[in-house]
Amino acid sequence: YKVRNVEITGHFEIDGSSNSVTNGNEHMANLHIESSKNVYIQSVYSHDSYGDNIFVGGTEADPSENVRMDYVKGVRAGRKNYVIHYVNNLYVKRAILDNSKGNAEKGWTGANSMDLEPDNYSGATQFYQRFDYVSTYGKGNDFTVGTSSQNAKNWILDIGTLDVHRMASNNTSPDNVIYSNAITAKIDKLNIFVPKGENAVPIKLLYSAKWDIEKLTIKGGQKYGISLQYAAKEKPTLVVKDLKMNDVNGYGVRNEGGDVFISKFAARNVSDRVLQNYSTSSESEVSIDRLLAYDSGVSELVKVSSYLTNPVKMNIESLKVIDNRPAKVARLIYIETGAAAEGVTIGEIDNPSKIKEFAYANGLANKHKPAK
């Protein structure tokens, strides 16, 4: 607590011995760095913590700063494997966060991997964290610093590669493998793997979450592959250059009032709609340069709708559909409201299976000009 200029070289191990803890609490972290400056740790293996394996933070007024860890391994945490609290200029080269052995043996059932959640962040001060590589195996990861766009603007999480493996569980309601409120996340490669039949949504973004991803791969998932939701007059934003989505039991992308910008989107074996865009705010936008759908959908591949008079602004530059199933998707695009009919533009459609391309709710066919 409030240490300065600490350097730990070599490799050290911390055993929390959670099986021996009685009357414990979630604050019993193995490695706790708080309001400290200029800390370097070469290699740490933290395991069997009753609370968090590793916690780095402080307060907004007195955060930790300039904390570097070359190698981190966290195994079996009752709460979280790695907690990012109030810390600026955190740099971790490689982090392996593994809950394959479950959580603490007594008291806690968190089994989550990474948690970024500072308390009552005002958004007045900028915070930055960088991870070159992170691998997580657990129930999920939370990245939340509040709800406002100011919060998101000033809190930046920068990751080279993030590999996320959802561990199997017996949950009855969907969990979120990655859940984010207001934050700016910049990720070069994000890979999310959900076991077949596991009741989990790979990505859920709310409020002012801003995620910018170069390459995103999602395999598996239930209900949605990606969910964006406008809330409290704040909208999430997702920017992806290359999105590959396979074997999602539900919708591919469900957008309710957020901004979605995808350069290339390849969806394969998505059981329901590949894209559902429901405009719930006056300024939301969806833009996809290339959408490739393989053996996906039932009623339609894309559904566009709106709440009351909220305008729709949506463009798909190129749509290619390949469906080799005996029972193919019934239609490609369904327009449900007048705002949707007026606000959707489609460029080129490649449809070798000759599936019906457009369908409309009553009286909307004449309002829509499908070609740009």
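The values are calculated or read from the model by the stated rules, or taken from the named source; none is laboratory data. Quick caveat: nothing in here was measured; it's all calculated off a predicted structure. Note that we place each Cβ from the backbone using ideal geometry, even for glycine, and neighbour counts take in every protein chain shown. For accessibility, only protein heavy atoms count, side chains too; no ligands or nucleic acids. Shrake-Rupley method; radii C 1.70, N 1.55, O 1.52, S 1.80 Å.
Under the simplified labelling scheme, the T9-S299 pair shows an inter-label distance of 6.6 nm, with each label point 7 Å from Cα along Cα→Cβ. Computed about the Cα centre, the dipole magnitude for the chain is approximately 1000 debye when only Lys and Arg (+1) and Asp and Glu (-1) carry charge, each at its Cβ.
For the residues A267, A95, A327, a GNM of the chain with alpha-carbon springs under 10 Å puts the largest fluctuation on A327. Build a GNM of the chain with springs between Cα atoms under 10 Å: which of N255, N277, N310 gets the top mean-square fluctuation? Checking each option, the largest mean-square fluctuation is seen for N310. When the charge dipole of region 111-159 is built from unit charges on Cβ atoms (+1 for Lys and Arg, -1 for Asp and Glu) and taken about the Cα centre, the candidate among Y137, S149, I159 whose Cα reaches farthest toward its positive end is S149.
Of all accessible surface on region 145-234 at a 1.4 Å probe, what whole percent is carbon and sulfur?
Details: 1560 of 3420 Å².
Carbon and sulfur together cover 46 percent of it.
Treating only the Cβ of Lys, Arg, Asp and Glu as charged (+1, +1, -1, -1), what charge dipole size does region 249-363 show about its Cα centre? Round to the nearest 20 debye. For this selection, approximately 460 debye. Rounded to the nearest 20 debye, the dipole size of region 38-176 about its Cα centre is 340 debye, using +1 on the Cβ of Lys and Arg and -1 on the Cβ of Asp and Glu. Of all DSSP-defined beta bridges confined to the chain, some 0% are antiparallel rather than parallel.
What accessible area per residue, rounded to a whole number of Å², is obtained for region 191-278 using a probe radius of 1.4 Å?
Values: 3060 Å² over 88 residues.
Value returned for region 191-278: 35 Å² of accessible area per residue.
Of all accessible surface on region 301-344 at a 1.4 Å probe, what whole percent is carbon and sulfur? Exposed carbon and sulfur together represent 52 percent of the surface.
Based on protein heavy atoms only, region 1-107 ends up with 44 Å² per residue of surface accessible to a 1.4 Å probe.
Expressed as a whole percentage, what fraction of the accessible surface of region 1-92 belongs to carbon and sulfur atoms when a 1.4 Å probe is rolled over the protein heavy atoms? Walk me through the intermediate numbers first.
Values: 1690 of 3870 Å².
Heavy-atom surface of region 1-92 belonging to carbon and sulfur, 1.4 Å probe: 44 percent.
What whole number of Å gives the distance from the Cα centroid of region 333-369 to the Cα centroid of region 280-314? If you average the Cα positions of each part, the centres end up 11 Å apart.
Excluding same-chain neighbours fewer than eight residues apart, the lysines reachable from K139 by a Cα-Cα span under 21 Å are K73, K80, K101, K106, K189, K196, K204, K219, K223.
Listed by chain and number, the lysines whose alpha-carbon sits under 23 Å from that of K369, ignoring those within fewer than 8 places in the same chain, are K303, K313, K320, K354, K356.
Counting pairs of alpha carbon atoms under 8 Å apart in space and at least six apart in sequence, what relative contact order in percent does region 124-199 give? Let's see the in-between values first.
Numbers: 154 pairs, mean separation 29.2, N = 76.
Normalised by residue count, the contact order of region 124-199 is 38 percent.
Using the Cβ-Cβ distance between A361 and N171 with R0 set to 35 Å, the FRET efficiency works out to roughly 0.45. Between S46, S287, S173, the residue with the greatest mean-square fluctuation in the GNM of the chain (Cα pairs under 10 Å linked by springs) is S173. For trypsin sites (Lys or Arg not before Pro), the sites in region 182-267 that DSSP calls loop and that have at most 14 other Cβ atoms within 10 Å are K196, K233.
Rounded to the nearest 0.05, what FRET efficiency is calculated for V239 and A61 with R0 set to 35 Å and r the Cβ-Cβ distance? Please report the intermediate quantities before stating the final value.
Numbers: r = 32 Å, r/R0 = 0.93.
Here the calculated transfer efficiency is 0.60.
Loop-located chymotrypsin sites (Phe, Trp or Tyr not before Pro) in region 1-86 (DSSP state not H, G, I, E or B) with no more than 11 neighbouring Cβ atoms inside 10 Å: Y1.
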